[in-house]
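Below: one structure, written as structure tokens.
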Amino acid sequence: MAKILKLAARNLARYWRRTLLTSGLVILGVVAVLLFIAVSGSFKSLIVGQITDSMLGHLQVHRRGYVASIDNLPLNLNMKPAAVAQAEKALEGDDAVVAWSPRLKFGSMFSNFTETTSIRLNGVLPEREAAAMPMLAGRLVQGSVANGLLERGKVLIPEIIARGMKIKPGDTVVLVATNLDGSVNGQTFVVQGVLGDVTGPGGRDGYVHLEDARALLRMTEAEVSEIAVRLKDLGALPAAKARIAAALAGAGALEVHGWDQLSPFANIARMIDLLDLFIRVMLVGIVLIAVMNVMIMAVYERIREIGMISAIGTPPRRILALFLAEGALLGVVGTAIGVALSLALVYALNVWPVQFAFGREQQLVLAPSLAGADALLIGAIVIVMAILASLQPAWKAARMDPITALRHV
Amino acid sequence: MNVVVADKLSKTYQAGAVAVPAVREASFAIGGGSLVAFVGPSGSGKSTLLNMVGCLDHPSAGTLQVLGTNVASLDRRAAADFRGANLGFIFQDFNLIPVLSAAENIEYPLLMVQNRPAAERRARVMELLEAVGMAEQADKRPDQLSGGQKQRVAVARALATKAKLVLADEPTANLDHDTAYRILELMKKMRDEQGTTFVFSTHDPKIVGEAEVVLTLEDGRLVNNSGAKAHG
């Protein structure tokens with residue numbers, strides 16, 4: 001086999017310009033696919049990380065029907081204390097869960113005494129929220145963190161409101177909310193900090209302490225709107241979601257949603273996956289056409305040589321192996337150089353990072369990385385395609401009639 | 001002992017609806033260790049006859065025994081195996097593999113056809129390079145060799161597998177007279193040293209004289225078996 005590979009390599013070197021061009025195409029395809037995988041993967045991880053680590057968590061538990069009406073933040077679909085206890089029991093018993101945070105979500109009027117606007121608020125237990133949303137505190141662009149996130153009597157407000165109403169940490173504001181019974185209640189809060197906006201549901205929400213929220217809403221029971229759950233690993237989401245849903249099945253009125261069911265970005269992520277598939281298909285096409293073209297030419301140009309090796313008794317399977325080896329070598333060389341070049345480019349993108357804007361977020365920094373499994377998979381696809389592309393020309397060479405081939409001019 | 005026995009051997013090609021006879025009822029026998037020439041003008045059928053003896057083509061009629069095997073009955077794969085095990089070929093255009101050195105070209109059938117161990121291959125290649133006087137050019141590629149040197153390498157390649165019968169189609173056609181003569185001398189020498197039977201085709205009358213047996217063809221018929229063992 002080593003001798004066949006050596007001979008195949010020499011045959012490729014014989015037509016080095018053509019080999020170089022074909023390898024160049026394969027290299028270009030491999031680099032394009034691997035760079036796309038690295039960059040799009042980095043983009044997805046960045047945005048999904050922001051969504052799950054600063055807003056939604058990996059999954060959420062709600063009372064049945066709440067998510068369908070989530071835009072209205074319906075107080076009458078909150079979970080009652082008994083349901084909350086059931087949910088917490090299910091979460092405690094699951095090894096994949098590392099933290100969860102109960103939230104009371106509501107809409108409120110927000111006033112700085114001269115102007116009024118509306119705001120979506122989350123009543124949270126600061127330490128629990130900080131544990132479940134480790135990137136939330138990092139979104140603070142003004143002010144500081146206390147008690148893991150915020151103190152009683154204080155509010156974290158989104159940057160868009162702070163900027164629009166010229167509010168800074170330490171200022172006093174008024175929050176006015178409609179209670180469950182239809183009455184209205186207002187309280188003053190001190191602004192503890194300003195949160196940078198991020199794209200996605202909850203990306204422009206404010207935060208108050210859970211007890212302050214209940215007081216503002218004049219709640220008599222310890223209700224919560226949702227429980228945001230953080231898992232050890234995002235990859236464990238489908239299994240953990242199924243387990244928790246099964247554990248809560250007896251509760252009847254509770255349902256579990258993954259982040260991908262709650263954020264529109266999941267559709268963008270799916271589109272990226274689709275693009276990823278298309279670009280892989282394009283790579284397959286490039287390799288097939290490029291290698292098949294060069295192998296058809298190789299067979300055509302070496303008909304007399306094939307006639308000679310066939311005439312002296314070379315078994316057809318060895319002739320087949322020789323041409324398949326040439327195709328496979330094109331794939332292997334293209335893959336090796338393509339992967340090396342991709343790694344170098346990914347390294348360069350980390351040394352000289354690219355900034356971009358997405359939605360309301362500016363200066364997002366990509367940190368692309370290339371997984372070994374992706375490089376191996378793409379390499380395997382390219383090599384298999386190169387061999388498949390060589391199959392027809394190699395088969396033709398192996399089946400060639402020696403007399404006809406030797407007469408070829 | 002005869003290495004080739006042909007009896008009423010015929011080959012007819014079909015050109016559309018027209019049947020074109022290339023060889024007509026040729027009967028002959030070739031003894032082992034001889035130097036045989038198929039002679040005749042272009043289109044006389046000598047290459048077709050050589051191809052049938054070389055198991056590259058099937059007869060349309062008659063019987064053909066090569067080294068005791070009825071080669072007319074061999075299928076494509078069996079014919080390839082038979083050629084690889086028993087026959088050697090020398091071509092008019094040398095047909096050396098351009099990316100291989102002279103030594104590697106000689107080694108080729110040992111590796112790709114007979115899959116011999118490396119040590120045996122090396123020893124045989126060295127032996128043949130010495131025998132054909134090409135030891136100094138062992139590492140040169142075909143484009144660095146003269147026509148005569150290329151044909152010497154081709155002779156060595158044909159003998160690499162210790163073929164009992166070597167078939168050469170116009171082996172001197174692309175060589176000047178002196179070189180052609182030396183190639184035939186080389187064939188004789190190898191025949192004497194290795195006991196190989198050489199059968200070659202030619203239309204060059206000056207070369208014909210070097211053959212010990214001459215089979216002359218005209219319009220596909222054998223018209224003269226000078227020195228050949230007549231058969232049938």
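Remarks
- Restricting the stretch A:48-149 to chymotrypsin sites (Phe, Trp or Tyr not before Pro) in coil, as DSSP defines it, with at most 13 other Cβ within 10 Å: A:PHE113
- Under 23 Å between alpha carbons - lysine pairs in chain A that sit 8 or more apart or on different chains: 15
- For chain A, the longest piece that avoids every one of the trypsin sites (Lys or Arg not before Pro) found in DSSP loops with at most 16 other C-beta atoms within 10 Å covers A:233-359.
- Ordering A:ALA340, A:VAL124, A:ILE227 by Cα displacement along the dipole of chain A toward the positive end leaves A:ALA340 in first place; charges were set at the Cβ atoms of Lys, Arg (+1) and Asp, Glu (-1).
- About its Cα centre, the stretch B:134-232 has a charge dipole of approximately 400 debye under the convention of +1 per Lys or Arg Cβ and -1 per Asp or Glu Cβ, with nothing else charged.
- Counting only whole DSSP H helices of chain A, the ones at least 20 Å long by C-alpha along their axis and with mean Kyte-Doolittle hydropathy no lower than -1.0 are A:16-51, A:265-301, A:316-351, A:372-398.
- Placing unit charges on each Cβ (+1 for Lys and Arg, -1 for Asp and Glu) gives the stretch A:65-252 a dipole about its Cα centre, and among A:ALA137, A:GLY182, A:LEU217 the Cα reaching farthest toward its positive end belongs to A:ALA137.
- B:LYS162-A:THR220 pseudo-label distance in nm [points 7 Å out on the Cα-to-Cβ vector]: 10.9 nm
- Listed pairs B:LYS11/B:LYS164; B:LYS8/B:LYS46; B:LYS46/B:LYS206 exceeding 22 Å between Cα atoms: B:LYS11/B:LYS164
- Convex hull volume per residue in cubic angstrom - Cα atoms of chain B: 125 Å³
- DSSP beta bridge pairing in the stretch A:65-252, given as percent antiparallel to the nearest 5: 80 percent
- Each label point was placed 7 Å from the Cα along the Cα-to-Cβ direction; for A:MET297 and B:GLU127 their separation is 4.3 nm.
- Low-density loop cleavage sites - GluC sites (Glu not before Pro) in the stretch A:110-144, where at most 13 other Cβ are within 10 Å (DSSP): A:GLU115
- Extreme residue, positive dipole direction of the stretch B:104-226, given options B:LEU186, B:ALA158, B:THR202 (C-beta unit charges): B:ALA158
- Assuming charge only on the beta carbon of Lys and Arg (+1) and of Asp and Glu (-1), the dipole of the stretch A:65-252 about its Cα centre is about 200 debye to the nearest 20.
- Counting only DSSP beta bridges with both residues in the protein assembly as shown, the antiparallel share comes to about 70 percent.
- Compactness check for the protein assembly as shown: Cα Rg over 2.2 N^0.38 Å is 1.64.
- In a simple Cβ point-charge model (Lys, Arg +1; Asp, Glu -1; nothing else charged), the protein assembly as shown has a dipole of about 860 debye relative to its Cα centre.
- Model label points for A:VAL190 and A:ARG270, set 7 angstrom from Cα along the Cα-to-Cβ axis, are 4.7 nm apart.
- Contour excess over end-to-end distance, with Cα ends at A:ARG152 and A:THR116 and 0.36 nm allotted per residue: 10.7 nm
- Computed from the C-beta positions of B:HIS177 and A:LEU5 and an R0 of 51 Å, the FRET efficiency is 0.75 to the nearest 0.05.
- Based on Cα contacts under 8 Å between residues 6+ apart, chain A shows a relative contact order of 26 percent.
- Contact order normalised by residue count of the stretch A:75-203, Cα under 8 Å, 6+ apart, percent: 24 percent
- For the stretch A:132-242, the relative contact order is 32 percent, taking Cα pairs closer than 8 Å that sit 6 or more residues apart in sequence and dividing their mean separation by the residue count.
Every number here is computed from the coordinates shown, using simple stated rules; none is lab data. It should be emphasised that the depicted structure is a prediction, and the values quoted were computed from it without experimental measurement. All Cβ positions, glycine included, derive from the backbone under ideal geometry; neighbour counts span all protein chains shown.
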